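A quick write-up on the structure given underneath.
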Amino acid sequence: MRRFGRMATGALVAMTVAVATQATPAAAQEDVNSPNMTLLRNLPKVDGATQSDLAFQGSYAYAGTYSGLRVIDISDPANPEQVAFEPCNGAQFDVSVWGDLLFVSVDTPQTNPGCNASNTTAANPNAWEGVRVFDVSDPTDPRLIKSVQTDCGSHTHTLVPAGKGSLFIYVSSYALTATSVGPNCEQFHGKISVIHVPLANPTAAKVVAEPETEDVPVFDPSRLELDDLLPPGFLLDTDGCHDITVLQPRKLAAAACLSVGQLWDISDPTAPQPIHTFTTPQVKAWHSSAFTWDGRRVAFGDEAGGGSLGRCREQDYPDTGAIWIYDVATGEELGNYKLPRFFGEEDHCTMHNYNFVPGVDRDILVSAAYHGGTTVADVTDPANPVEIGYYEAASPHALTWSSYWHNGFIYANDIDRGFDVFSLDHPAVVGAAT
């Protein structure tokens, strides 16, 4: 689900306003937001399918859904317009874009690798799951041009530009459920798949390596605390990775591998080498990662409860379901950011997908938090983070999968609401890079 990272230098700005400084009860019947954060527009989802991740290219946002691809024109952020919807079944539809190519993750076995009449099926030798490649040279008419099968499918994927017309894709996958295991997937799946895409001939994309994720202990599904909700055997023991983020200028990758976080040297993109392994005891499920834009720090998110339980209760503070921040050079744990509002047991809440605002002199984090909506925090001092903006929609209530800063605005893809656009008025983001 990660786009490749890049470095940015920023204008000097001063952070002078703190919107929220301590945990307080949240209302449930109306939109709850900080005065400086405004919902500009909501585009309701096309059908009843789950909405997942987002990718951006020029004036377009590409929104993944479990039933297909939404293409949204964001040239006027206050008035976004859907210009295409390409039906294409397959969870979880993690998306990334590079030039005229868009890549999609599918981690449920499908009856065929194409979009037409592809349906989810039980695991069998003829099933397909992996990465689909679309030509989006005309964003209003996406066209599937290639499907690449990978072991255990593709829960998420990450683009690794290699120069000279080459692109690599890191595929994160694991044996999540007994019904989603693909034809070549093993229960203890301690590796990633690496796809090579020759950009001059993307239909020749194929798996070229399957490096092992070293020193990753087998994940204990009881850590997700879902045993009371799911039938026995639903979550398989697995040591695959959930998500990876790449900082290409420094040849680094941050891998959230369920049981641990890892920092990799990717000088050879087909053979990543671990530099640091993070084993913070409070983390229940290492879910996502992001580098600060100067490359000095890396943030790993904890999806405590698996996104299916309330983990923003008063007893979950200060660290359950938080985003943890580490020093890239030393691997030192620096602190964590936890959504500073309480929710009930029935409210699915934990930190999910996020990024940092580029081109400013502070570390400003934008993150989704399921029922907690979208939160923005100054984590320049990771031991003392401060929320500087937030928005929790109520109609229908927020269940936000992804929230990202992009070109001066915040875009969110919400499981139930669809596509949201927010503005943030705060001195810490003045002069952010586009």
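Selection over the stretch 260-278 of residues that are open to solvent by less than 40 Å² (accessible area, probe 1.4 Å) and part of a strand (DSSP E or B) gives a count of 6. In the stretch 151-162, which residues are more than 15 Å from Val97 (Cα to Cα) and open to solvent by less than 10 Å² (accessible area, probe 1.4 Å)? Cys152, Gly153, Ser154 - these are the residues of the stretch 151-162 that are more than 15 Å from Val97 (Cα to Cα) and open to solvent by less than 10 Å² (accessible area, probe 1.4 Å).
Taking into account only those residues within the stretch 43-74 that are aromatic (Phe, Trp, Tyr) and assigned to a strand (DSSP E or B), which is least open to solvent (accessible area, probe 1.4 Å)?
Initially, the stretch 43-74 is screened for residues aromatic (Phe, Trp, Tyr), giving 56, 60, 62, 66.
Filter once more, so that each one left must be assigned to a strand (DSSP E or B): 56, 60, 62.
Numbers: Phe56: 37, Tyr60: 56, Tyr62: 4 Å².
Across the stretch 43-74, the extreme among qualifying residues is Tyr62.
Residue count for the stretch 125-174, restricted to those that are in contact with a Gly (Cβ under 7 Å, 6 or more places away or on another chain) and assigned to a loop (DSSP other than H, G, I, E, B): 8. Taking strands (runs of 3 or more DSSP E) as the structural unit, those lying wholly within the stretch 279-352 and holding at least 3 residues that are within 17 Å of the chain's Cα centre (by Cα) and at pLDDT 90 or above correspond to 286-291, 297-302, 323-327.
Inside the stretch 125-144, residues that are open to solvent by less than 50 Å² (accessible area, probe 1.4 Å) and closer than 23 Å to Ile192 by Cα make up a count of 8.
Restricting the stretch 237-258 to residues that are surrounded by fewer than 24 Cβ atoms within 10 Å (Cβ to Cβ) and assigned to a loop (DSSP other than H, G, I, E, B) leaves a set whose member that is modelled with the lowest pLDDT is Asp237.
Residue pairs whose Cβ atoms lie under 6 Å apart, separated by 6 or more positions or on different chains, with the first residue in the stretch 363-392 and β-branched (Val, Ile, Thr) and the second surrounded by fewer than 24 Cβ atoms within 10 Å (Cβ to Cβ) and modelled with pLDDT under 95, are Val386/Ala18; Ile388/Val19. Contact map, the stretch 181-197: first residue closer than 17 Å to Gly90 by Cβ and of a type in the set (Val, Ile, Thr), second residue modelled with pLDDT under 75 and assigned to a loop (DSSP other than H, G, I, E, B), Cβ cut-off under 7 Å, separation 6 or more or different chains; pairs are Val181/Ala175. Cβ separations smaller than 6 Å between residues 6+ apart or across chains give the following pairs from the stretch 246-273 residues that are within 11 Å of Val160 (Cα to Cα) and in contact (Cβ under 8 Å) with a residue 12 or more places away in the chain to residues that are open to solvent by less than 10 Å² (accessible area, probe 1.4 Å) and not in a strand (DSSP E or B): Leu247/Gly295; Lys251/Ile266; Ala253/Ile266. Screening the stretch 389-403 for residues that are under 17 Å from the mean Cα position of the chain (by Cα) and open to solvent by 20 Å² or more (accessible area, probe 1.4 Å) and picking the one that is farthest from Val366 (Cα to Cα) gives Leu399. Summed over the stretch 75-121, the residues that are open to solvent by 30 Å² or more (accessible area, probe 1.4 Å), at pLDDT 95 or above and not in a loop (DSSP other than H, G, I, E, B) give a count of 7.
The values are calculated or read from the model by the stated rules, or taken from the named source; none is laboratory data. This one's a predicted model, so the numbers in the text were calculated from it and none came from an experiment. Cβ sites come from the backbone with ideal geometry, for glycine too, and all protein chains shown count toward neighbours. For the accessible areas, the whole protein counts, side chains as well, though only heavy atoms, and no ligand, DNA or RNA atoms are used. Shrake-Rupley method; radii C 1.70, N 1.55, O 1.52, S 1.80 Å.
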